[in-house]
Amino acid sequence: MSTAYEKPEKVSEVVVREPFDSTRTKWVNRVRSADHKVVGQTFIGLSIVALALAGFCELLTLAQLTFTDGTVLSPERFYALLTISNTTYLYLFALPLFAGLATYVLPLQIGARASAFPRLSALGSWLAVWGGALLFFSPVINVWQGTLQVSSPLSTYFYTPSAGVDLWLVAAILIAGGLTFNAIDLAVTFKVLRAEGVTAQNTPVFAYASAVYAYGVLVTAPVLVAAALMALIERQWGVFGIFNPVAGGNALLWKTLFQWFSHSAPYLVTIGAIGATSEILAAASGRGLANSAGVKRAIRLFAILGILSFGQVYFGGPVAPAWNFIFMLIGVALVIPATVIVASWIKTVASGDFRPTVPSEYAIVFAVIFTIGIVLHVAFSMPALSQWLAGSAVGTLNWSIFTLGSGLIGGMSALLYWFPKITGRAFDAPKARLGMALTTAGFAVIALATFSLGVDGFGRDLAYYTSSAFQGRNIAILVGFVISLFGVIGLIINFIQSNANGAKAGNDPWHAGTLEWFAPSPPPVNNFDAIPAVDSETPLFDVRERIAAGSGELAGSVAQSPTSGRPSLRESKH
Amino acid sequence: MLIPAPTFRRASVFALVAGSVFALLAALPGSASAGALWPDSAGSPTTSLSNTLFFIVFGLGLIAVIAVIALFAKAAGSDSEGADDAAADGAGKSQTVGVVLFLVFAVIGGYAFFQNNSVEPSEVQSSFKPDQLQDKKLRVANNLKPPKGASTSVYVTGQQFLWRYQYPGVKGDWNTYSYHDLIIPAGITVMLDVTSSDVEHAWWVPELGGSISAMPGYINRTWIRADKAGVYEGRSTVVSGTNFPSMTTRVIALSPRDYAAWLSGKQIEITEAMDALGAEVAGGIEQAEVDGQGPSELETQAEDADAKENE
C-alpha cells in the first residue's frame, strides 16, 4: 500500500485515513476524530444527556405548580429552572438531535466517504457541549431568570446585574456558533460530495431535508451570535445603549434579533423530523416516497415560510397593522407545504405494503402531531387569535408542539430507525414500543391539559397561581409528564442495553432503499468500499430488482477497495 | 379492506383512550360559559371576534386531524395499490388541496383582520373627548384603528410590578391616576396608550381582547371596549422579573354617569391628599425650626465647604 498521497480523480473517492493512535485513550480518539459518524454521535449523545437534565428541571417546576400558591420553589428558583429547561429543550436537545442525525446519515445517504469539513463539524459539536456545560454550571453562580425570551431590557445590567445573564449569553453564543459550524459542513457536503448518479432528483428526502435544515441554521443562528455579543457588550459597557431605551437603545431590536433564530428553530427541528418520517414511512412501505419531488419543494417552502413567520412576535406590539396582515398571510401559507407533505405520507403508506414496525408506527404518530402543530401554527398566525392566546398556556403549547413534539416523538422514531445502523445492534422492539407509547400518551395528556388551561385564561410562565380552579389540570400535567418520563427513561435504557448486548443487526434490517443501508452496520471509517450505481432515489430497491431479475450479479457495483490503490470507483454504468 | 388484527386492536384502544380523555375534559366545568376546551364567550367586540375565529380555526383543525388519523388508519390497513405512480400522482392534487386550505384560512384571517380594524362605533352618546397624554419623546405606533364614535383615553404605564393608569380631561392641579385598577365607562371605546417605564410588559384582560405589548421607548396605541358594566380580571403576560406572576390588573367598567362621578371624585381625592401632604411637610419644617434643630447636617457641611473655599 502506497503511503504517498494520490490525488483522487473523483471527489467521492476522498478517504479519511484515521490513524488509530493506540497511545491515546478511546475518548481522546473520539474527540480528535475526523469521522463524521463520531461527530454525529457526539451531537446525539449531547441531546440525550440534555433531555435527561432538562426533564429533571421541568419536573421540579411542575411540582411547584401542582399546588395553589405553591411554596415548593421560590420564584427565583422557579424561573431559573424554567429558563434552563426551555433553553435546553430547544438549543441542546431538539436541534443537536437532528444535527447529529444529519451529520451521521447525510454523507452515507449521498454515497460520500467523508463529510466536507469534519473537524469543523467536530469543533461545532464540542462547542455545543461546552455551551451546555456552561448553562448547567450557571446555577453555581446565579442563573438567568428571564425564561427563554431573555427579553430586553430586563436582561441589561441595570435590571439584572447577576452574572447568570452573561453566562446564558455566552452559552448561547457557543451553542449557536457550534450549530453554525456543523451546518457549514452539512451544506457543503451535500453540495459537493455526492456520489456519481446522486443528482438533485435522486437525492434521498432526509438528505435533502438535512441540507435545508443546514441552510436554515446558516441563515438564522449567526444572528443570535451577533445579538448575544451585542447584549454582552451592553452589559459590560452600559454606555453603548443598544437595547436599553434609557441609554438610547431600542427594546424592539432585541426581540427582532433574538426571535429571528429562536422562533425559527422549532421549524428547523420539524424539517429534520419531516425528513426522517419520510424515510421511515417509505422504508416501511417498501417503496420510494410518493411525490418526492413535490415533498422536497414543500420542505424548502416550509423552511422559508417557517423562518419568515417569526413576525408573529410582533402581534400586539407597537407596529403598524399592515405588518400583522403580511405576517398572517405568510404564516397561513404554511398550510400549502404541510398538506403536500402529509398527503405524500398517506399516499406512500397506502400504495405500499406497510409493515408496522416501532419506528414506522411512531412516524405516523408524528404525522398526526405535525398536523396538530400546523393547526396551532395557523391559529397563531391570525393576529386576533394570537394576541388572545399567546399570553396564555396555549402559547406554551404552540412552542412545545414543534420543539418537543418533533424533537421527542419525531426524533425518537428517527433514532430508533437508524439505531441498527449506528450501533450494529437491534433494539428490543416490545420494550421500545412500550417506551414510545408511554412517551406519546404522556405528551397527549400534557397537551390537552395545557390547552384547557390556556383557554381558561391561565397565563404562561407563571411561577405560582392563586386560583384553585387551575389546580386539577396542573396536576394532570404533572401526571402526564411522569408518564412520559417513564417512557423516555425506558427508551434510553433500551438504547444502552441493546448497544451492549442486543442481537446483531445486519446491513439492512428494514429492507430500505437508500444508500446508508448498503454500508455495514456500523459503517467503517470510510463508509463504503463499493457504492452501487445510483439511478433513482432508492438505489437499493433497484439493486434488489436487478438481483430478482435473475442476473445474479450486483450489477453496477464493481468497485475496488481504495486502499488497494486503484482510484476508479466503478467500471460499469447503467 | 383488511386491517391486521394487532393494528386494529392497537388503533381502537388508542382511539378509546383518546376519546374518553377528550370527553372527560370537555365535560369538566370551566369558568362562566367556557367549556374546558374552549374559551369564555365575549365581553367585548374584540373578543367576540377572537371567539368566532377560535371556533372556526380549531374546528377546521379538529376535522383535519381526525381526517389525517382516519386516512392513515385506512392506508396502513389496505393492501398495496400499485407503486408505479410514485412521482406523478399525488403531486397536483395535494398541492391544490393545500392552496385551497390556504385560501380558506387567508380569507378568514383577512376578514378578521379588517373586521378588527373597523368595529361598529359605540352607541352611547357622551361628551367625552379624546385627550391623549403622551411623552413626546416616545415613538407612537398604532396597533388597531379605533372605531368612530364616543371615546375616551387612558395612558397605561407598565412598571415592575404594577400597572399605572392616567386619566385625561379633568381640570385640576394633579394628574388623575390609579394603580392596578383601570376604571372605564362601559359601552364607550377607550383608547389605550400603552407604554412601560422599565422593562417589557404586556397588558392582557382576556375578556376584553388580546394582549397589548408595553414596550419601553414606544407608545402602543390601541383600544378596548367593555360592552357591559362589570369587573374583568387581567394580568401581564411577559416575564418581567421574579414578581411577574402577581402583576395582575383589573378593569372596572362603570356606567358613563358613574364613571364621570368617579373621575371627578378621584381628582378631588388626589388634590386633597396632596394638599394634606404639603401641609404635613411644611409643618414638619416649621416644627424643626421651632425645636431649634436648625438646618440639616448637609446644609451645614455645604456651608463649611464654601467657607473653606473662600478662605
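The values are calculated or read from the model by the stated rules, or taken from the named source; none is laboratory data. These numbers come from a predicted model, not from an experiment. Cβ placement follows ideal geometry from the backbone for every residue including glycine, while neighbour counts extend to all protein chains displayed.
Conditions tested, residue by residue: (1) in a loop (DSSP other than H, G, I, E, B); (2) among the polar types (S, T, N, Q).
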position	(1), (2)
A:Ser452	no, yes
A:Asp461	yes, no
A:Phe470	no, no
A:Leu485	no, no
A:Ile489	no, no
A:Ile496	no, no
A:Ala500	no, no
A:Pro509	yes, no
A:Gly513	yes, no
What pairs can you find where one residue is in segment A:419-432 and more than 28 Å from A:Val525 (Cα to Cα), the other is hydrophobic (A, V, I, L, M, F, W, C) and part of a helix (DSSP H, G or I), and their Cβ atoms are less than 7 Å apart, with a gap of 6+ or different chains? A:Ala429/A:Val358; A:Ala432/A:Val358; A:Ala432/A:Leu416; A:Ala432/A:Leu491
What is the one condition in (1) more than 8 Å from every other protein chain (Cβ to nearest Cβ); (2) modelled with pLDDT under 95 that A:Arg287 does not satisfy? (1)
Could you check segment A:448-475 and list, in sequence order, the residues that are in contact (Cβ under 8 Å) with a residue 60 or more places away in the chain and either more than 10 Å from chain B (Cβ to nearest Cβ) or among the aromatic types (Phe, Trp, Tyr) (or both)? A:Phe458, A:Tyr464, A:Tyr465, A:Ser468, A:Phe470, A:Gln471, A:Asn474, A:Ile475
From A:Ala228, A:Ala209, which residue is in contact (Cβ under 8 Å) with a residue 12 or more places away in the chain, part of a helix (DSSP H, G or I) and within 23 Å of A:Val170 (Cα to Cα)? A:Ala228
If you take the residues of segment B:239-274 that are of a type in the set (Ser, Thr, Tyr), within 14 Å of chain A (Cβ to nearest Cβ) and within 30 Å of B:Ala150 (Cα to Cα), which of them is surrounded by the most Cβ atoms within 10 Å (Cβ to Cβ)? B:Thr249
Which ones in segment B:34-50 are surrounded by fewer than 20 Cβ atoms within 10 Å (Cβ to Cβ) and either modelled with pLDDT of 90 or more or part of a helix (DSSP H, G or I) (or both)? B:Ser48
What are the residues in segment A:256-284 that are surrounded by fewer than 23 Cβ atoms within 10 Å (Cβ to Cβ), under 21 Å from the mean Cα position of the chain (by Cα) and within 14 Å of another protein chain (Cβ to nearest Cβ), if any? A:Gln259
Of all residues making up segment A:319-349, the number that are buried (at least 24 other Cβ atoms within 10 Å of the Cβ) and either more than 9 Å from chain B (Cβ to nearest Cβ) or of a type outside the set (A, V, I, L, M, F, W, C) (or both): 7
Odd one out for B:Trp174 among (1) within 12 Å of the chain's Cα centre (by Cα); (2) at pLDDT below 85: (1)
Among the residues of segment A:286-295, the number that are surrounded by 24 or more Cβ atoms within 10 Å (Cβ to Cβ) and in a helix (DSSP H, G or I) is 2
Of (1) touching a Phe, Trp or Tyr at 6+ places or on another chain (Cβ under 8 Å); (2) surrounded by fewer than 19 Cβ atoms within 10 Å (Cβ to Cβ); (3) closer than 25 Å to A:Gly40 by Cα; (4) not basic (Lys, Arg), A:Leu253 fails just (3)
I need the full set of residues from segment B:195-238 which are among the β-branched types (Val, Ile, Thr) and either touching a Leu at 6+ places or on another chain (Cβ under 8 Å) or more than 8 Å from chain A (Cβ to nearest Cβ) (or both), in order please. B:Thr195, B:Val199, B:Val205, B:Ile212, B:Ile219, B:Thr222, B:Ile224, B:Val231
Can you find a residue in segment A:350-361 that is over 17 Å from B:Gln95 (Cα atoms), part of a helix (DSSP H, G or I) and within 7 Å of chain B (Cβ to nearest Cβ)? yes
Condition check: facing another protein chain (nearest Cβ under 7 Å), within 19 Å of the chain's Cα centre (by Cα) and more than 20 Å from B:Val107 (Cβ to Cβ). Does A:Ile401 satisfy that? no
Within segment B:135-153, is there a residue that is in a strand (DSSP E or B), more than 20 Å from A:Val246 (Cβ to Cβ) and at pLDDT below 75? yes
Might you check whether a residue that is touching a residue at least 60 places away in the same chain (Cβ under 8 Å), among the aromatic types (Phe, Trp, Tyr) and surrounded by 24 or more Cβ atoms within 10 Å (Cβ to Cβ) occurs anywhere in segment A:121-128? no
Does A:Thr423 meet the test of being among the hydroxyl-bearing types (Ser, Thr, Tyr) and closer than 22 Å to A:His511 by Cα? yes
